[in-house]
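First up is the structure itself, then whatever we jot down about it.
The values are calculated or read from the model by the stated rules, or taken from the named source; none is laboratory data. For clarity, every value in this text was computed on a predicted model and none was experimentally measured. A quick note on method: Cβ atoms are made from the backbone with ideal geometry, for glycine too, and the neighbour counts reach across all protein chains shown.
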Amino acid sequence: MAQSGRLEDASAVLGQSHCPQCGDLFSDPRVLPCLHTLCMRCLQDLEPFSAQERGQSALCPVCDSEVSLPLGGVTDLLPDLLAQNQVLLERLRCGGGHVPCDLCGDGKGEWRCLDCKVTVCEFCCQAHRRQKRTAEHSLLPIQDLPPGSSLSPLPVCSLHALEELRLFCESCSLPSCRDCALVKHLGHEIRPVPEVAGRHRAELQGALAKSEPQLEVLEAALHRVQEAEDDLTRSAEVLRQDVEAFTEGYMRAVQKHRLRLLQDIEEEVLRKDQALTLQRARLRQHLTDLRTSTTFTRGLLERGPDLQIVQAKTLVVSRLKELKQGDYIQQVQTEGIVFNPKEEAGLCQGYQVYGAVQRGCADPERCQVRGQGLQSVYQGRLCSFTLSCSTKSGERLEKMGATPKITILQKESGRSLQASIQDKEDGTYQISYTPVEAGHLSISVCIRGRHIRGSPFSVAVRGTWRQHRGIYHCCTFCSSGGQKDARCGCGGRMPGRCPTPEEDSVYRASSESHCHRPTGGFQGCGHGHKGHPGQSHWSCCGSTAETSECSGVKDSAPRHLLRTVAL
């Protein structure tokens, strides 16, 4: 049934010979990039929407899509030969026009030869039937031609009025006559229009085959949206009945509480209804655009002349690809509205009341924080922590609705710090801040006006972060290129005899070359030797963590012997 209805819609669109904007018969119809056809008069009345690098754009009055216009304006848009032919047939059936005979040029065309594709007058029709070569051709009165039949002759060249556009330049992607092919397109790849149209027809058929299944998908999605809206209405009605039954036994305080519950339901229903309405509108628009494009393409393939197929192929394929892109079908969800008659709702006019409409909001008691930003932080250094939001049932929220409120105070000075809150769109928030002075911070995390568990948090702020002065390496001996007197903050030593203090003072006072000193003195750390930490470490303090704070030079590495090892 859906397929039959779609074919009827397509037939109705193809049968239109009137401009959808002004309602009159098409006059010089042109095709917009969105594949809607308007007459030239309506196109010239369109106001420019925005300026682009290659021309201007305008809004299609049919689908309200922004379309790019050629550099020459609307006059350079692709002519719609199908619409022109439909207008001609409409006028002929109504007796308001006629076409000339394609053979003699003088008589009134009344017959159409389906084999020769020519329109002939009564006299030429008789001659056509008497000739032996054309005696068996099928001739029909113009008024009896089936819908979609073409009466338009093959277009002629604008430069050579007597030459028909029977060739197509592959290099320029333009139709050409014989004379232009020998002059303007000399040396280009020239092919007959029927040959090129065959290839383009196959491409259009492939594009249409990929796009047509989307029609059923969009229709099914639209149907699901309608079902979801009906379910939402029924669910809201059930909730209203439950609320009414629950509040019947209470007096004025309970009546006021009932009105508040109903207001909560209406607000949530309105919010979800607006979301469903927006989704339905988007799906309908996409369905309309795709139906228009597939209908135009199907008509072009079934009844379009070769030249029209050649000229419109790029435009049609581009439009179909544009409509195919994007995830436009979203999962419809109506969960999240639950009425809990046993939940405490606080005091109402001095009375404890029960019953609350739960809309899947975050429960402060279920929210948690984690991260280095709530432990030990450093003055002047950016730090952060993560807030995870969950419902009362412990389920993670994808969207909490209201942004959490973060308050950071310096306890000693009472100074307030600005916090940056980033929504990760997965039920978590990243909170970042930079301490400006050492001491202690009080960090409050509130959701819907309530502190989460553990809030406010106390955080100690240490002094300025100590940067490493050495290098992060694996071994002093290797990193120094084998220097025997290089020392490392890790305290590791390679084997080898160092000169005694007495020997060292003698050689220092001596005029002998340094190379005559004892050959020992492997002071730097090495793989597998005493004191080596067994992994990469900082040469200044021996710390094995690359992102750590420098703890200073170790006692095992005297400051006057410490050397920064350069790679």
Check: Name the pairs: first residue in region 159-172 and free of Cβ contacts under 8 Å to residues at least 24 places away in the same chain, second residue small (Gly, Ala, Ser), Cβ to Cβ under 8 Å, at least 6 apart or on different chains?
Finding: Cys169/Ser176; Cys169/Ala181
Next item on the list: State the number of residues belonging to region 330-348 that are modelled with pLDDT of 70 or more and over 30 Å from Met251 (Cα atoms).
Entry: 0
Check: What do you reckon, is Cys478 out of contact with any His (no Cβ under 7 Å at 6 or more places or on another chain) and either in the same structural domain as Ser536 (by TED's automatic domain parsing) or closer than 27 Å to Gln535 by Cα (or both)?
Finding: yes
Next item on the list: Could you please find all residues in region 427-475 being over 21 Å from Tyr378 (Cβ atoms) and in the same structural domain as Trp538 (by TED's automatic domain parsing)?
Entry: Ile471, His473, Cys474, Cys475
Next item on the list: Kindly check whether there is at least one residue in region 211-225 that is surrounded by 14 or more Cβ atoms within 10 Å (Cβ to Cβ), in a helix (DSSP H, G or I), on the phi < 0 side of the Ramachandran plot and among the hydroxyl-bearing types (Ser, Thr, Tyr).
Entry: yes
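Can you name the residue in region 171-180 that is out of contact with any helix residue (DSSP H, G or I) (no Cβ under 7 Å at 6 or more places or on another chain) and closer than 17 Å to Gln311 by Cα and is also surrounded by the fewest Cβ atoms within 10 Å (Cβ to Cβ) among such residues? Reasoning before the result, please.
First pass over region 171-180, keeping only residues out of contact with any helix residue (DSSP H, G or I) (no Cβ under 7 Å at 6 or more places or on another chain): 171-174, 176-180.
Those left that are additionally closer than 17 Å to Gln311 by Cα: 171-174, 176-177.
On the way: Ser171: 10, Cys172: 13, Ser173: 12, Leu174: 16, Ser176: 24, Cys177: 23.
Of everything passing the filter in region 171-180, Ser171 is surrounded by the fewest Cβ atoms within 10 Å (Cβ to Cβ).
Can you report the number of residues in region 412-458 which are of a type in the set (Asp, Glu) and either farther than 18 Å from Ser384 by Cβ or part of a strand (DSSP E or B) (or both)? Before you say what the answer is, go through the steps one by one.
Our first condition is that a residue be of a type in the set (Asp, Glu); within region 412-458, this holds for 412, 423, 425-426, 437.
Those left that are additionally either farther than 18 Å from Ser384 by Cβ or part of a strand (DSSP E or B) (or both): 412, 423, 437.
So the count comes out to 3.
For region 180-188, state whether one or more residues are touching a residue at least 24 places away in the same chain (Cβ under 8 Å) and in a helix (DSSP H, G or I).
No, the conditions are met nowhere in region 180-188.
Just to be sure before I move on: is Leu162 at pLDDT below 85, farther than 21 Å from Leu77 by Cα and not in a helix (DSSP H, G or I) in the structure I sent? Before you say what the answer is, go through the steps one by one.
Values: at pLDDT below 85: yes; farther than 21 Å from Leu77 by Cα: yes; not in a helix (DSSP H, G or I): yes.
Yes, satisfied.
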Margin query: It is to be established whether one or more residues within region 320-329 are at pLDDT 85 or above, part of a helix (DSSP H, G or I), within 18 Å of the chain's Cα centre (by Cα) and hydrophobic (A, V, I, L, M, F, W, C).
Written below: yes
Item checked: Qualifying positions in region 117-144 - outside any loop (DSSP other than H, G, I, E, B), in contact with a Leu (Cβ under 8 Å, 6 or more places away or on another chain) and over 13 Å from Leu103 (Cβ atoms) -> Leu140, Ile142, Gln143
Next item on the list: Examine region 233-255 for a residue that is touching a residue at least 40 places away in the same chain (Cβ under 8 Å), over 21 Å from Glu344 (Cβ atoms) and either assigned to a helix (DSSP H, G or I) or not charged (D, E, K, R) (or both), and state whether such a residue exists.
Entry: yes
Item checked: Tally, over region 206-249, of residues that are touching an Asp or Glu at 6+ places or on another chain (Cβ under 9 Å) and of a type in the set (Ser, Thr, Tyr) -> 1
Next item on the list: Spot the failing condition for Ser27; the list is (1) touching a Lys or Arg at 6+ places or on another chain (Cβ under 7 Å); (2) modelled with pLDDT of 85 or more, and only one is missed.
Entry: (2)
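Please find, among Leu323, Leu261, Leu300, the residue that is in contact (Cβ under 8 Å) with a residue 12 or more places away in the chain and either closer than 30 Å to Leu167 by Cα or in the same structural domain as Cys34 (by TED's automatic domain parsing) (or both).
Details: Leu323 fails: either closer than 30 Å to Leu167 by Cα or in the same structural domain as Cys34 (by TED's automatic domain parsing) (or both); Leu261 fails: either closer than 30 Å to Leu167 by Cα or in the same structural domain as Cys34 (by TED's automatic domain parsing) (or both).
Within the list Leu323, Leu261, Leu300, the selection yields Leu300.
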Checklist line | region 428-458, subset surrounded by 16 or more Cβ atoms within 10 Å (Cβ to Cβ) and in contact with a helix residue (DSSP H, G or I) (Cβ under 6 Å, 6 or more places away or on another chain), residue modelled with the lowest pLDDT | finding: Ile447
